[in-house]
Each structure stands twice: as C-alpha cells, then as structure tokens.
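Student: Take this structure, written in structure tokens, and hold onto it; I'll ask about it next.
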Amino acid sequence: MATDAEVGAHLDLSDRTVRDLKKRGVLPDAARGQNDLDACRLAYIRHLRDQAAGRSHEMGPKKLDFMAEKARDAKESADARAMKNAVARGELVPAGAMSAAIIGMVEMAKARMLRVAAVVAKGDVALQDRIDRAIRDGLEDLSATRVETVAGEEDDGGDEPADAPDTEG
C-alpha cells in the first residue's frame, strides 16, 4: 500500500496531480496511505492510451477524436484519388469544362438557327421575316426554360419525373 506521494513518485507525477487524477476518476480512490501501486499504474497507463487514441472523455464535446479525424482524412484522400482516376479514364469531366462546352454548342446552334430564315426564304423578304420571327420566338422560349424543369427535377410532390408515362387507366 502507498501514499499519494509514493504513487506520484512511481508514476513520475506530483502528489497534487495524483489527487487530481483520483478526483477525475482516472486513478482508483483509496483511503489515505492505502493506494495499490499496481492498480494505479494500470489505470494511468490505460488513461494515457485512451488519450493517445483520442478516446479520452476529459476534454468534453470540443475534443478532437483523432481516430475519427484520421478515418475522415483517409476517406477524403481515397475520394480525391478516385475522382482523379475517373478524370484520367475520361469518366468524369470538370464542371467548368463541361459548362464551357455546352455554352459553345448552344451558341453554335443559335447562330445556325438564325441563318435558317435567309436560306429558306431565298429573297422573299416577307417570308424571311416570318421565319426569322418564329425562330427568334422559339429561341426566346428556350432561353426562358429552366434546366430543372427539363430534367424533371422540379418538386411536384411525386417521385416520378414529369415525363414519366401515366400508368393509371
């Protein structure tokens, strides 16, 4: 059996730290001079292991859970490698590049559509104006259409896309 000072000397701690560890429940509490050195040593080693592994509950909800942080970091690294590999295989395209390509295609389609009136009317000014007006109206309608509506992503309360076939009789 040992005093707090003897436990402290055994664990390389001050007797005040030993009392504090007892108060926090890290070390077994015993009557004055009745500390079991082996039990105190094992409890202190377990406490240090828990701290090192991030399992210590002493720091409250703001403490870092090192194992969880390490697992999260490993997952993020694996996700980053998977995305990089998907880009290399041509399975994934950066959003900026895809957006630029789509905008270029839309501009090209618009320019070709606006040339249709002149090609079809072949000098008939009235016909050319009617065709031009119809094409411009169509392009204006298209420009006002939301992508979410076309993609069927607008929330209409159901699980099916807007263009799903009607199964009711």
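The values are calculated or read from the model by the stated rules, or taken from the named source; none is laboratory data. None of these values were measured; they are calculated from a predicted model. Because the Cβ atoms are built from the backbone with ideal geometry, glycine has one as well, and the counts that use them run over all protein chains shown. Areas reflect the complete protein model, heavy atoms only, side chains present, ligands, DNA and RNA absent. Shrake-Rupley method; radii C 1.70, N 1.55, O 1.52, S 1.80 Å.
Student: Please verify whether S77 is surrounded by 11 or more Cβ atoms within 10 Å (Cβ to Cβ) and of a type in the set (G, A, S), treating the condition exactly as stated.
Tutor: no
Student: Looking only at the stretch 4-24, count how many residues are open to solvent by 60 Å² or more (accessible area, probe 1.4 Å) and not aliphatic (A, V, I, L, M).
Tutor: 9
Student: Out of all the residues in the stretch 5-50, which are of a type in the set (D, E) and modelled with pLDDT of 90 or more?
Tutor: Once the filter is applied, which keeps residues that are of a type in the set (D, E) and modelled with pLDDT of 90 or more, the stretch 5-50 yields E6, D12, D20, D36, D38.
Student: For G123, state whether it is among the small types (G, A, S) and open to solvent by 60 Å² or more (accessible area, probe 1.4 Å).
Tutor: Answer is yes for this residue.
Student: Separate question: Select, from E76, E69, the only residue that is of a type in the set (D, E), out of contact with any His (no Cβ under 6 Å at 6 or more places or on another chain) and modelled with pLDDT under 95.
Tutor: Answer to the selection: E69.
Student: Same structure again: Residues of the stretch 33-60 being assigned to a loop (DSSP other than H, G, I, E, B) and of a type in the set (G, A, S), which ones?
Tutor: Answer for the stretch 33-60, where residues must be assigned to a loop (DSSP other than H, G, I, E, B) and of a type in the set (G, A, S): G33, G54, S56.
Student: Could you run through the stretch 16-32 and say how many residues are part of a loop (DSSP other than H, G, I, E, B) and touching a Gly at 6+ places or on another chain (Cβ under 9 Å)?
Tutor: Qualifying residue count, the stretch 16-32: 0.
Student: Scan the stretch 120-145 and report the pairs whose first residue is over 16 Å from V106 (Cα atoms) and modelled with pLDDT under 95 and whose second residue is open to solvent by 90 Å² or more (accessible area, probe 1.4 Å) and assigned to a helix (DSSP H, G or I), with Cβ atoms within less than 9 Å and a gap of 6+ or a chain change.
Tutor: From the stretch 120-145, the pairs are A121/D129; A121/R130.
Student: Follow-up question, since we're still on this one. Just name the residue that is modelled with the lowest pLDDT out of those in the stretch 146-155 that are in a loop (DSSP other than H, G, I, E, B) and loosely packed, with under 10 Cβ neighbours inside 10 Å.
Tutor: D155
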